[in-house]
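The values are calculated or read from the model by the stated rules, or taken from the named source; none is laboratory data. Here the structure is a predicted model, which is why all the values come from computation and not from measurement. Cβ coordinates were reconstructed from backbone atoms using ideal geometry, including for glycine residues, and neighbour counts include every protein chain displayed.
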Amino acid sequence: MSDIAKLEQQVLTDVAAAADEAALEAVRVAALGRNGTITGLLKTLGAMTPDERRVQGPLINGLKDKVTEALTARRDALKNAALDARLNTETVDVTLPVRESPTEQGRIHPISQVIDELTAIFADMGFKVAEGPDIETDDLNFTKLNIPEGHPARQMQDSFYFNPKPDGSRPLLRTHTSPVQIRTMLAQKPPIRVITPGRVYRIDSDQTHTPMFHQVEGLVIDKGSNLGHLKWILEESMKAFFEVDQVKMRFRPSYFPFTEPSLEVDIQCRIEKNEVRFGEGNDWMEILGCGMVHPNVLRNCGLDPEEYQGFAWGMGIDRIAMLKYGMPDLRDFFAADVRWLSHYGFRPLDLPTLAGGLS
Ligand code: DAH
């Protein structure tokens, strides 16, 4: 076998044996690099006679071409093998369920959801949301609301009082959201249309009572406001809230110190086992208290009852949340149990809107 043939066999064996691209590069350098074996052979052509060169030239150049071709083919094969190996280890199973991100796993508490729903409903009717502090003065929580000294609501066993201040006054955790009515009337001029969702506190605890719960109050003050307006607002808002085509309401005379006349409102429903359905049935469920704002309350806020009238209503947010979403025990609302929340909670990006659906 000629030297060229031997060299060819040697280099092609090395090319075939190169296990990766780095090994193959070493083979290339050894053969075709500046000091490579084939490069060395090519250099000998210059010193040959024309006759020798005519014979040797095609042989040596043929060797070079063959080796170059073999190197290219081997490099492609190694590249493909490396890609196949990566594809094997980096496979993605596109049929697996998408893992939920934290924003999708989180849940909105039913209370927050109901507040958002009420806000959407009343904003559509031109109401603003007003808020007040949880710690109130006796004056705003009771006196200005025409709740006289000695009224049972003021008693220590119902309200959470703080220690008396040096001036003798005793702040308390507000027992209802009604002081926000007073704050609103003191701070802005009529016409007023607000709802006031918020936390309230009373010393009470059983399946349907917790020491902290939530109320929402509505207040409208304007010239010529009347009970007809109140009735329409309550009917329309409760229809929207319970997402039914009709609600029948029953208005019963009642007593609240801050309204005159005062009414309690029941809505028609069907109570079956533990389920309540609105818009049908022969049962009645009390859902709120309301009335025309008492002239004394208007006066206490610097408004002339001869010029302005208004109406107000108050209801328990937790209670209407329980009725709408069928949660049996109020205490669970505040137990911070993620299993309860993932069952009864709402998806954070599904914001309640009238157009897109409340719940
Ligand atoms: N403040 C009352 C309560 O806590 C609820 C209420 C009744 C509010 C009648 C009102 C109203 O604004 O007009 O039980």
Worksheet item: Is it fair to say residue 235 is surrounded by 15 or more Cβ atoms within 10 Å (Cβ to Cβ), within 13 Å of the ligand (Cβ to nearest atom) and assigned by TED's automatic domain parsing to the domain that holds residue 144?
Response: no
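Residue under question is residue 174, and the condition is that it be surrounded by fewer than 20 Cβ atoms within 10 Å (Cβ to Cβ) and within 14 Å of the ligand (Cβ to nearest atom); does it hold?
no
Is region 266-284 home to any residue that is modelled with pLDDT of 95 or more, in a strand (DSSP E or B) and assigned by TED's automatic domain parsing to the domain that holds residue 218? Quick ask: steps written out before the conclusion?
Applying the first criterion (modelled with pLDDT of 95 or more) to region 266-284 yields none.
Within region 266-284, not a single residue is modelled with pLDDT of 95 or more, in a strand (DSSP E or B) and assigned by TED's automatic domain parsing to the domain that holds residue 218.
Out of 296, 282, 300, report the one residue that is surrounded by fewer than 18 Cβ atoms within 10 Å (Cβ to Cβ) and closer than 18 Å to residue 178 by Cβ.
Working: 282 fails: closer than 18 Å to residue 178 by Cβ; 300 fails: surrounded by fewer than 18 Cβ atoms within 10 Å (Cβ to Cβ).
Answer to the check: 296.
Name the residue, out of 304, 332, 318, that is modelled with pLDDT of 95 or more and of a type outside the set (S, T, N, Q). Reasoning before the result, please.
On the way: 332 fails: modelled with pLDDT of 95 or more; 318 fails: modelled with pLDDT of 95 or more.
Testing whether each residue is modelled with pLDDT of 95 or more and of a type outside the set (S, T, N, Q) leaves just 304.
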Practice prompt. Report whether or not residue 209 is modelled with pLDDT under 95 and within 14 Å of the ligand (Cβ to nearest atom).
Written response: yes
Discussion item. Please go through (1) in contact (Cβ under 8 Å) with a residue 40 or more places away in the chain; (2) within 16 Å of the ligand (Cβ to nearest atom) for residue 243 and return the number of the only condition it doesn't satisfy.
Written reply: (2)
Discussion item. Anything in region 211-222 that is more than 18 Å from residue 287 (Cβ to Cβ), touching a residue at least 60 places away in the same chain (Cβ under 8 Å) and not aliphatic (A, V, I, L, M)? List them, or say none.
Written reply: 222
Item to complete: Can you tell me which residue among 131, 149, 104, 117 is outside any helix (DSSP H, G or I) and closer than 30 Å to residue 353 by Cβ?
Response: 131
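Report yes if residue 357 is on the phi > 0 side of the Ramachandran plot and surrounded by fewer than 17 Cβ atoms within 10 Å (Cβ to Cβ), otherwise no. Reasoning before the result, please.
Values: on the phi > 0 side of the Ramachandran plot: yes; surrounded by fewer than 17 Cβ atoms within 10 Å (Cβ to Cβ): yes.
Against the criterion (on the phi > 0 side of the Ramachandran plot and surrounded by fewer than 17 Cβ atoms within 10 Å (Cβ to Cβ)), residue 357 qualifies.
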Discussion item. Checking residue 216 against (1) buried (at least 20 other Cβ atoms within 10 Å of the Cβ); (2) over 29 Å from the mean Cα position of the chain (by Cα); (3) within 12 Å of the ligand (Cβ to nearest atom), only one condition comes out false. Which one?
Written reply: (2)
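Looking only at region 77-99, decide whether some residue is under 30 Å from residue 28 (Cβ atoms) and not in a helix (DSSP H, G or I).
Yes, there is a match, as at least one residue in region 77-99 is under 30 Å from residue 28 (Cβ atoms) and not in a helix (DSSP H, G or I).
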Worksheet entry | Unique residue being assigned by TED's automatic domain parsing to the domain that holds residue 293, more than 27 Å from the chain's Cα centre (by Cα) and over 19 Å from residue 125 (Cβ atoms) when the list is 254, 225 | 254
Worksheet item: Could you say whether any residue in region 314-322 is in a helix (DSSP H, G or I), among the charged types (D, E, K, R) and within 16 Å of the ligand (Cβ to nearest atom)?
Response: yes
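With the structure loaded, tell me whether residue 140 is within 17 Å of residue 258 (Cα to Cα), part of a helix (DSSP H, G or I) and aliphatic (A, V, I, L, M) or whether it fails that test.
Values: within 17 Å of residue 258 (Cα to Cα): yes; part of a helix (DSSP H, G or I): yes; aliphatic (A, V, I, L, M): yes.
Against the criterion (within 17 Å of residue 258 (Cα to Cα), part of a helix (DSSP H, G or I) and aliphatic (A, V, I, L, M)), residue 140 qualifies.
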Discussion item. List the residue pairs whose Cβ atoms are under 9 Å apart, where the first residue sits in region 178-195 and is more than 20 Å from residue 224 (Cα to Cα) and without any contact (Cβ under 8 Å) to a residue 12 or more places away in the chain, the second is away from the ligand (no atom under 12 Å from the Cβ) and not polar (S, T, N, Q), and the two are 6 or more positions apart or on different chains.
Written reply: 187/130
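Quick check on my filter: what residues within region 113-154 are hydroxyl-bearing (Ser, Thr, Tyr) and either touching an Asp or Glu at 6+ places or on another chain (Cβ under 7 Å) or under 18 Å from residue 176 (Cα atoms) (or both)?
Correct list: 137, 143.
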Discussion item. One residue is enough: does region 251-261 have a residue meeting the conditions farther than 26 Å from residue 174 by Cα, within 16 Å of the ligand (Cβ to nearest atom) and surrounded by fewer than 22 Cβ atoms within 10 Å (Cβ to Cβ)?
Written reply: yes
Discussion item. Given the condition of a type outside the set (A, V, I, L, M) and within 13 Å of the ligand (Cβ to nearest atom), answer yes or no: does some residue in region 301-309 qualify?
Written reply: no
